[in-house]
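Values in this text are rule-based calculations from the coordinates and carry no lab data. In this text the structure is predicted, and so the values were computed from the model without any measurement. As a convention, Cβ positions derive from the backbone with ideal geometry for all residues, glycine included, and neighbour counts pool all protein chains shown.
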Amino acid sequence: MTFDPYASATETTEGRVYSVTGGDWSDLSTEIGATKEERVVVNMGPQHPSTHGVLRLILELEGETVTEARCGIGYLHTGIEKNTEYRTWTQGVTYVTRMDYLAPIFNETAYCMSVEKLLDIHEQIPERAQVIRVMMMELNRISSHMVCFGTGGLELGAITPMFFAFRERETVLDIFEEVSGLRMNMAYIRPGGVAQDVPQESVSRIREACKEMRKNFKDNETLLVGNSIWMKRTKDIGYLDLAGCMTLGITGPILRAAGMPWDLRKSQPYSGYENYNFDVITADTADAYGRFLVRMGELEQSLRIIEQCCDNLEKLAGAPVMVADKKIAWPSQMSVGPDGMGNSLEHIRKIMGESMEALIHHFKIVTEGFRVPAGQAYAAVESPRGETGVHTVSDGGTRPYRVHFREPSFNNLQATAAMCEGGMIADVIASVASIDPVMGGVDR
Amino acid sequence: MTHDDGMFGVQGTGDTSGFGGLAKTGASTGSSERPYGSYFDELTDDLERAYPQFSEAIEAVVVYRGELTLHVKREKLEEVARNLRDNPKLQFEMCLGVSGVHYPDQVGRELHMVYPLLSMTHNRRVRLEVSVPDADPHIPSLVEVWAGNNWHEREAFDMFGIIFDGHLGLTRILMPDDWVGHPQRKDYPLGGIPIEFQGATFPAPSERRSYQ
C-alpha cells in the first residue's frame, strides 16, 4: 500500500491504529479484515456530521455491537462561567444566553431568576414581564424541539423532517427578531423584568403564527409518527428506565418518556406557570421513540400556553415590564431600531438635554451596575432538555462572585453509555439524537 | 502560578468601573435560628431522627432567600447523603450536580462544594455545602450515592482542583488533559494564555496592555 497521509496505519502499544479521514475504504477493509482481532475501538467525532455537534464518541466494538461507549467533551468550552465574574450582573445575561444556544431564553430566565432571588425582588417582577417571559420560553421550546426533530431525523437519514422543522423554527425566530431585535442570543430577559415591551401589534401576529404552526406541525407528525422506518430506527433503542434516569440525574423529555410526569412548570411553578392550562406529556416506553413522542406532544402544549399568554398580554396592555425600583431597572426605555435594540431617542434627549441627575444615574447603573446582597441562590427552570439550574453566589459587589449552570445537556449526556452499550453501532446515533444534547450547553 | 494583575491590569476586586470600594466580603456562614419556616424545620427534624450524629456532622443550618443549606463536615458527607437519599421521609433521589466556589479569603476553608438535592417524591429541595482547605483539597466522592455526579465531580476537579476520593475516573473533562491550573479558581486570571496563530504569537489578554 502506498503511503496515504489521510489514511495511514501506525503501531502503538494498544494495537494497530488506523486513521481514516478520507482515501479508499476498500484498502482499509482489506487491511482490517486480515487481522484476527474482532474488537475494534472507533473514535467518532468530534467533527462528525452525526454526533449532534462537536461531540466525540469513543466506541469499543465487537463486530457491529457496541461493548463500551464513552464521550469526549470540552471541544466547545469557552469559559462562560468564568467570564461572568468579570462583568456586571446585567451583562451576565449576554454571556449565559450563549450557553445552550438553542434555548437562550431559558438560560437567561434561569439566570435572572437566581439574581432576583438574591436581590429579594422575585415577587416584585411585574405581571406583564412574567407573561412575556413565559411566552418567549414556550416559543423557544418550540424552536428548540424543532432542531431536535430536524437534526435528529437528518442523522438517521430522514431529510424531509428537517425542511419542515426549520420552517417552523424560522417562524419562531422571526417573532424573536420582532420582539427583541435578535434571532438568537437575545439577552432579552434581564434581572428585574425584560429588556423592552412586546409591541402590541405583534400579539396578533403571534396568534396567527400559532395557528399556522399548529397546522404545520401535522406535516412532521404524519411523516414520522407511526412511520415504519422511523419506528424501526427508534423503537426500543436507547432504552433508559426510570431507575436509570433517577440515579443519573436525568430530567426533561427523557425522564417523562420513562413515565415520570415531572415538569418543573407544574411541580415547582415559576414566572406564573401555575396560572396556565397545559398538560405534562409522558410516555412509558423509555426509548428514543417515546422521547420523540413526548417532544411532539409538548409542541401543542406550548402553543396552548402561548395563546393564553397572548390573551394576558392584551389584558395587560401598557403595564410595566421592568421592576419599579430605579436602582435596579435599566434606566432607559429600550427600543428596536433598524440596527437592533438600543436606548430610545426619547431617553437620550432627556438625559442629554434636561436632567443632569438622570444622566449621572444612567451612567452609574450602566457602567457600574447594581449591587447584589451577599449570599447564594439556586433557581431552576424546565428547559427543553430538562432542569436548567443556576447557582449564583454574590459577595455583595456589582459583579457575580460565581455563576454555575447545571446544564441538562451536560448531565443527560452521561446516559450515553447506559443507552448505547450492548446495542448496534447504528443505534448510537439514534440514542444520542434522542438525548438531544447541545454542545454549547454541555461545554459552556 | 505567577502573579497576574488580571484583565486590563486591574488589581484587587477587579472593579473596572472606577468607583472603588464596591466589593464586600463574603456572607458569613453563621447558623440560622429556629424556626426556619417552610418545610425546613420538618426536614431537619427528620434528618436528625434518621441520623443520630446530626449535630456532629452538620456545622451550620442556613436559611437564606427561601432556601435551606446544610453545611456538612466532609468526613460525614457520604453518610449524610445516604441518609438523605434513603430515608423514606427525606428521599432526595436526585443530586443536581456539583458547583464549586473558591473563597481565597476564608483561610482554612477556601474551597466550597455545593450539592443541590431534589426530592421528587416530596417536591422539596435542600442544598449541601462542604468546605475544605486549599492545602488539603480532598472530598469524598458521591458517585456511589448518585451516579449522575460522575461528570459533575470531574468538572469540579477540572475547574477547582478538588480531589474526589473514591471517584473511579477523576480526569479533566472540559479542559485538555495536559492543561496546567484550574481555571475557576480566583487566583487564575481570565484569559491567561497566549493566543497562537500560525507564525506569530499574541500575548495573553491580561498581559497586552495595562490601563493604570
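Laid out as a table, the results:
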{"read-out": "Gaussian network model of chain A, Cα within-10 Å springs - most flexible of A:Ala374, A:Ala34, A:Ala317", "value": "A:Ala34"}
{"read-out": "Separation of alpha-carbon centers, region A:219-245 and region A:121-162, rounded to whole Å", "value": "21"}
{"read-out": "GNM flexibility winner over chain A from A:Ala69, A:Ala187, A:Ala243 (Cα, springs under 10 Å)", "value": "A:Ala243"}
{"read-out": "Folded to 0 to 90 degrees: helix A:200-224 orientation relative to chain A principal axis, Cα", "value": "10"}
{"read-out": "Averaged over B:92-104, number of beta-carbon atoms from partner chains that fall within 10 Å", "value": "5"}
{"read-out": "Per-pair calculated FRET efficiency, R0 = 35 Å: A:Ser344 and A:Lys215 via Cβ, rounded to 0.05", "value": "0.40"}
{"read-out": "Normalised convex hull volume, region B:40-208, alpha-carbon set, Å³ per residue", "value": "140"}
{"read-out": "Fluctuation leader among A:Asn107, A:Asn227, A:Asn140 - chain A, Gaussian network, Cα springs under 10 angstrom", "value": "A:Asn227"}
{"read-out": "Compactness relative to 2.2 N^0.38 Å, alpha carbon Rg of region A:110-258", "value": "1.26"}
{"read-out": "Rounded to whole Å, sorted largest first: equivalent-ellipsoid semi-axes of region A:334-444, Cα gyration tensor", "value": "45, 20, 9"}
{"read-out": "Neighbour-count order for A:Val134, B:Val132, A:Val366, fewest beta carbons within 10 angstrom listed first", "value": "A:Val366, B:Val132, A:Val134"}
{"read-out": "Nearest-ten-degree value, helix A:425-435 long axis tilted from longest Cα axis of chain A", "value": "10"}
{"read-out": "Residue order, fewest to most beta carbons within 10 Å, for A:Thr84, A:Thr94", "value": "A:Thr94, A:Thr84"}
{"read-out": "Dipole-positive endmost among B:Ala156, B:Thr121, B:Tyr188 within region B:40-208 (Cβ charges, Cα centre)", "value": "B:Thr121"}
{"read-out": "Shielding by other protein chains, A:239-249, mean Cβ within 10 Å", "value": "4"}
{"read-out": "Assigned charges on the beta-carbon of Lys, Arg, Asp, Glu; chain A dipole about Cα centre (debye)", "value": "1120"}
{"read-out": "Positive-end residue of B:His167, B:Ile139, B:Thr201, charge dipole of region B:40-208 with Cβ unit charges", "value": "B:Thr201"}
{"read-out": "Inter-chain Cβ neighbour average for residues A:392-404, partner chain, 10 Å", "value": "6"}
{"read-out": "On Cα atoms only, tilt of A:356-367 relative to the major axis of chain A in degrees", "value": "20"}
{"read-out": "Test item: Cα-centred dipole of region A:318-383, Lys/Arg +1 and Asp/Glu -1 on Cβ, debye", "value": "180"}
{"read-out": "Exposure proxy ranking, count of Cβ atoms within 10 Å, fewest first, for A:Val17, A:Val203, B:Val180", "value": "B:Val180, A:Val17, A:Val203"}
{"read-out": "Loop sites in region A:14-122: trypsin sites (Lys or Arg not before Pro), DSSP, at most 16 other Cβ within 10 Å", "value": "A:Lys36"}
{"read-out": "Cβ-based charge dipole, chain A, positive-most Cα from A:Met334, A:Leu264, A:Leu61", "value": "A:Met334"}
{"read-out": "Whether the protein assembly as shown is rounded, prolate or oblate, judged on the alpha carbon gyration tensor where a/c under 1.5 counts as rounded", "value": "rounded"}
